[in-house]
Amino acid sequence: MRIPTVNLQPVLNATESAWRARLGEMFERGQFILGEQVAGFEREFAASTGAPRCVGVGTGTSAIELALRGAGLGGSGMEVMTSALTAPFTGVGILAAGCKLRLADVDAETLQMSAEDAAGRARPRTAALVPVHLYGQPCELDRFVKLARRLGAVLIQDACQAHGARYRARPLTDYSGWVAYSFYPTKNLGCLGDGGALAVRSQKAARALRMLRDGGRRGGQLAWAPGVNSRLDEMQACYLRAFLPHLEEWNAMRARLAAVYDQELAGCDDVRLTGRTPDSVNHLYVIRVRRRERLREYLARHGIGTGVHYPVPLHRMPAFRDCGVRAGELPHAERACREVLSLPLWPYLPESSAREVAGRVRRFYK
């Protein structure tokens, strides 16, 4: 593709000296699991997000699973509610923790998990809420905080698409003690493989997570609790430490590109822009369109890549058939899955390219 959906090469080029230096340090030390690179990244990422503490884990999926385990819900069979419009890995993490998945609909404009719909579906066995900061936009955290308090439920944030985001100028950990991140390569802050982290408030929670991620061990060969094997890799931490100082700059680039798209697509009757607030870190630029597959084919013929996030809501996936929701019961999520289209967006994408993409979209509908 001449204008791909994502291009990581400019990020690697801009930071090459830094990640090469970190890799050199790692090889010189000769420690490749839970060494100084991971420990350094945990400190630096906590400072960047405004969180008191950070624990690196193997994936964002594991971060969600370990948050539930750390909160005392592992193997409980209790219900955990999240959004129907998210990557399947959110649901996978909940099931992996031994909990039951329950789903709520999304807001018709922002596509964020609806606190109102979640409140209407909550039951006495709803032990945790996992709102997703979809597309890099924080959901209405103040409303979820109130709902969690009313239900006596744990609030765990899925911030796997929201690196660097704050809600109303405050760190995400101000609203709950568990914030899960993924460092999949295409994220705002990604590594070159799998990786994840949990931002937490309490030192007790951080200690428990460090034990659970390492097979329930405390540094020796004795397993004290039924943990998992999910540790952030030293090599991936090298890349993350090189990329992290640029996160704010890269998020600003994303915001400028999103504003270009907003301007160029304004007034196009066949394109519906997804509502977002200034809190968004613009992980994806998502529009809603008619004849989506024909538009994708048209753009591809002109060398423009696109994505769909996501084509199927969780309650329509075979893996989650026991979620307690049937087809047609979450209409906003189901409609969004038929309409959403992600346009190219990545740091260093020329603004002229964004204008070309938007122009092609307008020409298709003319």
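The values are calculated or read from the model by the stated rules, or taken from the named source; none is laboratory data. Every value quoted in this text rests on a predicted model; they were computed, and no experiment measured them. Neighbour counts are summed over all protein chains in view; Cβ atoms, including those assigned to glycine, are modelled from backbone coordinates with ideal geometry.
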Please go through the range 308-331 and pick out each residue that is within 20 Å of the chain's Cα centre (by Cα) and surrounded by 14 or more Cβ atoms within 10 Å (Cβ to Cβ). 308, 309, 310, 312, 313, 314, 315, 317, 320
Output the residue which, of all residues in the range 1-60 that are among the aromatic types (Phe, Trp, Tyr) and in contact with a strand residue (DSSP E or B) (Cβ under 9 Å, 6 or more places away or on another chain), is farthest from residue 204 (Cα to Cα). 32
Residue 218: surrounded by fewer than 13 Cβ atoms within 10 Å (Cβ to Cβ), in contact with a helix residue (DSSP H, G or I) (Cβ under 8 Å, 6 or more places away or on another chain) and farther than 26 Å from residue 136 by Cβ, yes or no? yes
From 225, 208, grab the single residue that is assigned by TED's automatic domain parsing to the domain that holds residue 32 and not in a helix (DSSP H, G or I). 225
Scan of the range 295-313 for residues that are of a type outside the set (Phe, Trp, Tyr), touching a residue at least 40 places away in the same chain (Cβ under 8 Å) and more than 30 Å from residue 170 (Cα to Cα), ordered by number: 295, 296, 299, 300, 302, 303, 304, 305, 306, 307, 313
Give all pairs with beta carbons closer than 8 Å in which a residue from the range 314-331 that is under 14 Å from residue 89 (Cα atoms) and outside the structural domain of residue 103 (by TED's automatic domain parsing) meets a residue that is basic (Lys, Arg) and assigned to a loop (DSSP other than H, G, I, E, B); count only pairs at least 6 apart in sequence or on separate chains. 315/326
Being in contact with a Cys (Cβ under 6 Å, 6 or more places away or on another chain), assigned by TED's automatic domain parsing to the domain that holds residue 166, touching a residue at least 60 places away in the same chain (Cβ under 8 Å) and part of a helix (DSSP H, G or I), is that true of even one residue in the range 46-67? yes
Residue count, the range 131-170 (criterion: touching a strand residue (DSSP E or B) at 6+ places or on another chain (Cβ under 7 Å) and over 16 Å from residue 279 (Cα atoms)): 9
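Quick one: which residue in 93, 72, 98 is in contact with a helix residue (DSSP H, G or I) (Cβ under 7 Å, 6 or more places away or on another chain), more than 19 Å from residue 167 (Cβ to Cβ) and either outside any loop (DSSP other than H, G, I, E, B) or at pLDDT 95 or above (or both)?
93
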Select from the range 101-130 the residues that are assigned to a helix (DSSP H, G or I) and of a type in the set (D, E, K, R) and write down the one among them that is nearest to residue 277 (Cα to Cα). 116
Might you let me know whether the range 26-43 holds any residue that is under 18 Å from the mean Cα position of the chain (by Cα), small (Gly, Ala, Ser) and not in a helix (DSSP H, G or I)? no
Could you check residue 237 against (1) at positive phi; (2) not in a loop (DSSP other than H, G, I, E, B) and say which number it fails? (1)
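Would you mind stating whether residue 138 is in the same structural domain as residue 165 (by TED's automatic domain parsing), surrounded by fewer than 22 Cβ atoms within 10 Å (Cβ to Cβ) and in contact (Cβ under 8 Å) with a residue 24 or more places away in the chain?
No.
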Looking only at the range 332-354, which residues are assigned to a helix (DSSP H, G or I) and either assigned by TED's automatic domain parsing to the domain that holds residue 190 or more than 24 Å from residue 13 (Cα to Cα) (or both)? 332, 333, 334, 335, 336, 337, 338, 339
